[in-house]
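Asker: Dropping the structure in here first, questions after.
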2 protein chains.
Amino acid sequence: MTRIKLNRTAQSRNQPVAEQNRTKFQDAGVFVMNLIGSPGCGKTTILEYTARHCPGQSAVIVGDVKTALDADRILQCDIPAYPIETGGSCHLSAQMIADTIARLDLDQLDYLFIENVGNLVCPSTMDLGENIKVGVLSVPEGDEKVRKYPALFLRTEVVFINKADLLPYCPYDVERVKEDCRKARPDVKVFEVSAAQGTGFGPWMEFLRQPDV
Amino acid sequence: MTRIKLNRTAQSRNQPVAEQNRTKFQDAGVFVMNLIGSPGCGKTTILEYTARHCPGQSAVIVGDVKTALDADRILQCDIPAYPIETGGSCHLSAQMIADTIARLDLDQLDYLFIENVGNLVCPSTMDLGENIKVGVLSVPEGDEKVRKYPALFLRTEVVFINKADLLPYCPYDVERVKEDCRKARPDVKVFEVSAAQGTGFGPWMEFLRQPDV
């Protein structure tokens with residue numbers, strides 16, 4: 001009971017700031033995506049590919065408990081990257097995003113990608129003011145994750161199944177995962193990619209050109 | 001600041017219960033291990049192998065946000081398994097363990113394995129009354145996780161590097177990870193295994209026979 005009450009307090013403080021962020025994003029005409037997935041599922045590699053091929057001006061906010069390693073990788077793609085080192089917190093908050101976007105010229109952007117802390121649980125219910133949540137799964141994690149972490153997949157308009165290049169070496173039923181995603185959220189879009197090999201991104205790029213959510 | 005205060009409250013409530021659990025474990029002479037790792041890093045598969053080859057009587061407590069899928073897998077190894085479905089909470093608490101061990105005859109056990117919720121952040125600082133924390137890494141997650149999630153690896157007496165069978169297909173510097181583990185905690189024991197293939201477990205079994213921590 002205690003935990004639920006504490007979480008509600010954190011969320012009720014977060015929500016007004018998320019709404020302020022959302023208004024700023026809308027006013028500037030920037031489409032904002034909040035990427036959520038386990039540590040090592042490939043969020044940064046997906047963003048490296050996406051940033052390089054993005055059909056418009058983009059920037060990336062990168063959350064990590066410790067280090068700015070991921071932000072450095074994005075910067076090497078010549079895309080503006082803004083690290084947030086949470087110093088222990090297990091998810092980004094709307095206030096962290098508000099503090100970061102104060103340093104950005106949102107009017108210059110078409111897309112803003114937010115890479116959340118590597119965690120399939122805590123970031124799921126925390127609104128940052130984004131347009132959509134993007135769930136990132138990866139083949140070697142196993143194919144039951146949608147059922148085990150339902151709070152996220154009820155909220156994700158887009159899901160990546162990443163590391164498809166490892167399908168020959170890992171037991172993984174792609175169709176079952178897609179079905180689990182659709183059961184959680186019938187309008188979900190699922191993209192099967194290998195970010196490391198840069199394959200399968202066509203439908204994602206098409207989606208970015210005209211996000212129909 | 002708010003978050004830190006809330007976490008401290010949760011921890012100060014948790015600690016006395018953890019100490020009570022620890023006393024019960026010591027009185028019964030059971031060695032208790034708290035396994036922590038990302039979703040899909042292979043905690044359950046490591047426990048399936050370990051339970052089958054354990055040099056003594058063992059039981060497993062399995063935490064998951066949702067479903068008892070992992071506990072069912074352990075039960076199929078003919079080992080007693082006790083699922084804890086946290087219903088949203090991102091880590092196990094000492095109270096959840098206290099409630100579960102009330103149903104166990106600890107005197108009959110030599111080893112108790114606790115599989116925490118799949119999460120590299122939140123379970124790190126929450127004492128359950130265990131003898132040791134066991135961190136589980138996996139090759140396809142990438143080799144920078146020890147540096148990105150330091151709170152866990154400062155506290156782990158044992159670390160697994162799992163899915164070694166995928167080393168030919170994933171860039172991963174095993175020696176660098178071992179060095180990062182030792183930097184975080186010089187007395188750490190690192191075991192490189194493939195749980196899916198059941199290889200590399202010799203040193204772990206030796207450790208279980210005589211846990212020198």
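Read the figures in this text as sums done on the coordinates, not as results from a lab. Predicted model only: the values in this text are computed from it and were never measured. Note that we place each Cβ from the backbone using ideal geometry, even for glycine, and neighbour counts take in every protein chain shown.
Asker: Over all residues in A:37-45, what is the mean tally of Cβ atoms on other chains that come within 10 Å of each residue's Cβ?
Answerer: Taking all residues of A:37-45 together, the mean is 6.
Asker: Could you tell me what percent of the DSSP beta bridges with both partners in chain B are antiparallel, to the nearest 5?
Answerer: Working: 1 of 31 bridges.
Of those bridges, close to 5 percent are antiparallel.
Asker: For the range B:2-209, just the Cα atoms, rotate onto the principal axes and tell me the three extents in Å, largest first.
Answerer: Here the Cα extents, ordered largest to smallest, are 45, 45, 33 Å.
Asker: Could you derive backbone 3J(HN,Hα) for the range B:48-65 from the dihedral phi with the Karplus parameters 6.51, -1.76 and 1.60 (θ = phi - 60°), listing whole Hz in sequence and x where the residue is Gly or Pro?
Answerer: 4, 5, 4, 4, 5, 10, 5, x, x, 6, 9, 9, 10, 9, 10, x, 8, 4
Asker: If you don't mind, another one. Over chain B, calculate the relative contact order: mean separation of alpha carbon pairs under 8 Å at least 6 apart, over the residue count, as a percent.
Answerer: Relative contact order, chain B: 24 percent.
Asker: Then there's this: If Lys and Arg each add +1 and Asp and Glu each add -1, what is the summed charge of the other residues whose beta carbon sits under 13 Å from the beta carbon of B:ILE61? Don't skip to the end; give the middle numbers.
Answerer: Working: positive: B:LYS43, B:ARG103; negative: B:ASP64, B:ASP70, B:GLU85, B:ASP99, B:GLU115, B:GLU130.
Net charge in that neighbourhood comes out at -4.
Asker: Quick check: the distance between the Cα centres of the range A:165-213 and the range B:13-69, to the nearest angstrom?
Answerer: 34
Asker: Sum up the charges of everything whose Cβ sits under 14 Å from the Cβ of A:ARG52, counting Lys and Arg as +1 and Asp and Glu as -1, but leave A:ARG52 out. Provide the component values of the computation, followed by the final result.
Answerer: Values: positive: A:ARG73; negative: A:GLU48, A:ASP78.
So the environment of A:ARG52 carries a net charge of -1.
Asker: Taking a Cβ-Cβ separation under 4.7 Å as the criterion for a possible partner, which cysteines of chain A have none?
Answerer: If one checks each Cβ against the other cysteines of chain A, A:CYS41, A:CYS54, A:CYS77, A:CYS170, A:CYS181 turn up with nothing under 4.7 Å.
Asker: Above 32 angstrom, tally the Cα pairs of the protein assembly as shown and express them as a % of all pairs, no decimals.
Answerer: Distances greater than 32 Å cover 35 percent of the Cα pairs.
Asker: Sum up the charges of everything whose Cβ sits under 11 Å from the Cβ of A:LEU167, counting Lys and Arg as +1 and Asp and Glu as -1, but leave A:LEU167 out.
Answerer: It works out to a net charge of -3.
Asker: Still on this structure, I have one more. In terms of modelled amide H atoms, which long-range or inter-chain residues lie less than 5 Å from the amide H of B:PHE31?
Answerer: Distant-sequence amide H within range of B:PHE31: B:TYR111, B:LEU112.
Asker: Follow-up question, since we're still on this one. Which ³J(HN,Hα) values, rounded to whole Hz and listed in residue order, are derived for the range A:124-136 from phi using the Karplus coefficients 6.51, -1.76 and 1.60 in 6.51 cos²θ - 1.76 cosθ + 1.60 with θ = phi - 60°, glycine and proline given as x?
Answerer: 4, 9, 9, 6, 10, x, 5, 6, 9, 9, 10, x, 10
Asker: Taking θ = phi - 60°, what integer Hz values does the Karplus form 6.51 cos²θ - 1.76 cosθ + 1.60 yield along the range B:27-40, in sequence order, with x for Gly and Pro?
Answerer: For the range B:27-40, the Karplus curve yields 4, 8, x, 9, 8, 10, 10, 10, 8, 10, x, 4, x, x Hz.
Asker: Of the listed peptides B:117-125, B:180-188, what is their order by residue-averaged count of other C-beta atoms within 10 Å, with the highest listed first?
Answerer: The densest-packed peptide leads the list: B:117-125, B:180-188.
Asker: In this model, which of B:LYS148/B:LYS178; A:LYS133/A:LYS178; A:LYS148/B:LYS163; A:LYS178/B:LYS145; B:LYS133/B:LYS183; B:LYS43/B:LYS66 are farther than 19 Å apart at the alpha-carbon?
Answerer: A:LYS148/B:LYS163; A:LYS178/B:LYS145, as the Cα separations exceed 19 Å there.
Asker: If you take the square roots of the eigenvalues of the alpha-carbon gyration tensor of the range B:51-99 and sort them as a ≥ b ≥ c, do you get rounded (a/c under 1.5), prolate (a/b over b/c) or oblate?
Answerer: Cα axes put the range B:51-99 in the oblate bin.
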